[in-house]
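The structure appears right after this line, and notes come after that.
The values are calculated or read from the model by the stated rules, or taken from the named source; none is laboratory data. This one's a predicted model, so the numbers in the text were calculated from it and none came from an experiment. Reconstructed Cβ throughout: ideal geometry from the backbone, glycine too, with neighbour counts over all protein chains shown. Heads up: the accessible areas ignore ligands, DNA and RNA and are worked out on the full protein's heavy atoms, side chains in. Shrake-Rupley method; radii C 1.70, N 1.55, O 1.52, S 1.80 Å.
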Amino acid sequence: MVRGLGPSGSNAEEKDGNDEYRDMTIIEIIENSRNDRHEEIQRELEEMKNFIEEFPTRRVEFGGGVGVQPEEQREIDNPSDSGRDEGNPMASSSSLTDLQTSQPPQETEIKHFWSRTGVGMDSERERNLLISVSVGIEAYKLKILGLAIEAMKELTKMATEKQSLWQASIDGKVLSHIEYTKQFGQVDATLEMVIRKIGMQQPLQPPNLSCPTHIPALPNVEIHTQPLQTEASRETRFLLADPVHIVELLMNNEQYSPVFSNIVSKSKVLGVLSTQAQGDYNGALQVMAVEFHAPSPLVPNRECYLARYSRCLSNNLWGVVDVSLESLFPNPLIRYQRRPSGCLIERFQGRLCKVIWVEHSQVDNSSVPEVCQHFVISGYAYGAKQWLSTLVRQHERLTYIMVRTDRRPQQLVPTGEENLLTLADRMMRSFWRNLSASRKNQWMTVPLSGAENIEAIIRFVKDKEGRRPGPALVMATTIRIPASSRRIFDFLQDENSRNKWDILTHGHIVQQTRSISNGCVPGNRVSVLEVKSAEDPDRTIKTLLQESFTTSDSSYVTFTPVEASSFSMTLNGGDPDNVPVMPSGFSISPDGQTGDEGSLVTIVFQILDGTASPMHIPSHSVGTMYKLITETAKSITAGTVDPDNMGR
């Protein structure tokens, strides 16, 4: 359970330290501290702590038909999953022998695509170490602190200003780039004149452009020349939570990573520059290496180094801001830069609080495939609505469990239900890790005609003791379906319609034997499904654990086969970590196209394949999984799309 999202009676004003700032806005803080900023910074830096941590990654080179070496596939992603992410697929789970293809593919070699970020793992490790060392240098500390303070000032204006900066459009509020540049940008005289003329709607005379007499030579490096595109979004929600606990969730990496694991692939603290007493995050400042992913292996990940800064701006208002450090640590291969982004959290009466989330970035979207372009640009992949929707969803999930606590004061929930929720949570985090384009997932393109958007990876599953029972083949793709996300979600999560899309249950009976609601929306639940023989309904062929949930911005249906004996022990109070998980499932999101009812569905299947090797995926395995993916996509489309929309 994640502390910080449940009901709490603690109050921000009860904390000590820096009370002089509580009744001032961040702008007033900046203005009033200009004359003595260096003295204030020096006082804060006296308490700063710094540490250096190595990041254990190294490059893996591949040739020909390839897979992933098992020693390189040890768990190095989200730290909250370390050592217990996947398990040994049981004898009753799905395997490649359950499906047969009539025509094996002619091509057997899979082409490996190296890191989509353009930066290898060696350079990532070197940069992590460089920044870890640099943040311990006094000059860099001062620069990072100054950058963080200015970022908080910008975030406050971006979150609270209703006119000029944000303008109405058919898609909601969009950032006015001209107004943003006027308020925050560094502009030369020519650009300032252009902005002023446009704002006054006066005829524009050609500016007098002069070139510098000397152009400095570029360094001898290969520089990424694609122009970065600006993305900006703002979202507001209300929820019952203590603002201090939300701040703690964002500043404590052990909470932040698992709560946002549907977006965060990696989050590593490289240095702590300022910290207060235990549990006091007023003025906390840290440097981090982060990697974000979208719910599709086709959408490139986003990586950056950033400073994260939290501040109590008044008695009832907190701010947490991120800002990229590229201005201090230049990277010629930069593809993503995080402008001041984060949230303001304001306390209202009782436990109600208002959260305003702002996402602002510059990014290279040139490698996003056409099928996902609108999805990314609209903000459904990385925008403020996705971050805030995740926060609200986690709050709802935990609050709903706490309601069950009130009904059973002797314990949180019955032991079996608590274990089911714990197991489902681990399954979901493993699923998100599998579907992302994180650099840890060395995706390979399936070499079949018509399979250009189908990707594959080999994972080496293991049990709790770390044994490696064998390789598992993961295959994923993203398709567009001309139907609403809610309609697709209802079709996939309902056990009564499972036979319509699940090839492995054709001819069998699917029954839900247990269900735990974890949200107020119908369909938000953890379920136990049993697949029974149609000839002998008393015989269970296999058991599935499934979690499904939907929000206004995204939906998931995820399931894993579970071994009967270990699962039964878990339901009776045994350790849920002893149950191996090998999740498959679906991510469902609006496609982002204005005025059109369509959805993007990412299909992920993971099946144990004992015939695969670290450097080779057999052709029959590729063909079988290709059939499973394509037949499932056709079945979902047929079951959810109105015949009148089939051609759209």
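To keep it simple, each residue is scored yes or no on (1) within 25 Å of ILE131 (Cβ to Cβ); (2) among the β-branched types (Val, Ile, Thr); (3) open to solvent by less than 10 Å² (accessible area, probe 1.4 Å); (4) in contact with a strand residue (DSSP E or B) (Cβ under 8 Å, 6 or more places away or on another chain).
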position: TRP318; (1), (2), (3), (4): no, no, yes, yes
position: SER324; (1), (2), (3), (4): yes, no, yes, yes
position: ILE377; (1), (2), (3), (4): no, yes, no, yes
position: VAL392; (1), (2), (3), (4): no, yes, no, yes
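Can SER310 be described as under 12 Å from ILE345 (Cα atoms) and either without any contact (Cβ under 8 Å) to a residue 12 or more places away in the chain or over 17 Å from the mean Cα position of the chain (by Cα) (or both)? Considered against the rule, which asks whether it is under 12 Å from ILE345 (Cα atoms) and either without any contact (Cβ under 8 Å) to a residue 12 or more places away in the chain or over 17 Å from the mean Cα position of the chain (by Cα) (or both), SER310 comes out as yes. Is one or more of the residues making up the stretch 478-493 under 19 Å from PRO583 (Cβ atoms), modelled with pLDDT of 90 or more, within 25 Å of the chain's Cα centre (by Cα) and not in a helix (DSSP H, G or I)? Checked against the condition, which is being under 19 Å from PRO583 (Cβ atoms), modelled with pLDDT of 90 or more, within 25 Å of the chain's Cα centre (by Cα) and not in a helix (DSSP H, G or I), the stretch 478-493 yields at least one hit.
Of everything in the stretch 436-450 that is aliphatic (A, V, I, L, M) and over 18 Å from PHE460 (Cβ atoms), the residue that is surrounded by the fewest Cβ atoms within 10 Å (Cβ to Cβ) is LEU448. I'm checking my understanding of the structure. Among residues of the stretch 481-504 that are touching a Leu at 6+ places or on another chain (Cβ under 9 Å) and among the β-branched types (Val, Ile, Thr), which one is surrounded by the fewest Cβ atoms within 10 Å (Cβ to Cβ)? Going through the qualifying residues, I end up with ILE503. Within this structure, LEU249 fails the test of being open to solvent by 10 Å² or more (accessible area, probe 1.4 Å) and aliphatic (A, V, I, L, M). Is it true that HIS360 is buried (at least 20 other Cβ atoms within 10 Å of the Cβ) and at pLDDT below 90? In short, no.
Under the condition of being of a type in the set (Asp, Glu) and open to solvent by 10 Å² or more (accessible area, probe 1.4 Å), which residue from the stretch 523-549 is modelled with the highest pLDDT? Per the stated criteria, the residue is GLU530.
Scanning the stretch 257-279 for residues that are open to solvent by less than 20 Å² (accessible area, probe 1.4 Å) and either aliphatic (A, V, I, L, M) or more than 11 Å from the chain's Cα centre (by Cα) (or both) gives VAL259, ILE263, VAL264, LEU270, GLY271, LEU273, SER274.
Among the residues making up the stretch 290-307, those that are part of a strand (DSSP E or B), under 14 Å from the mean Cα position of the chain (by Cα) and touching a residue at least 40 places away in the same chain (Cβ under 8 Å) are GLU291, PHE292, ARG302, GLU303.
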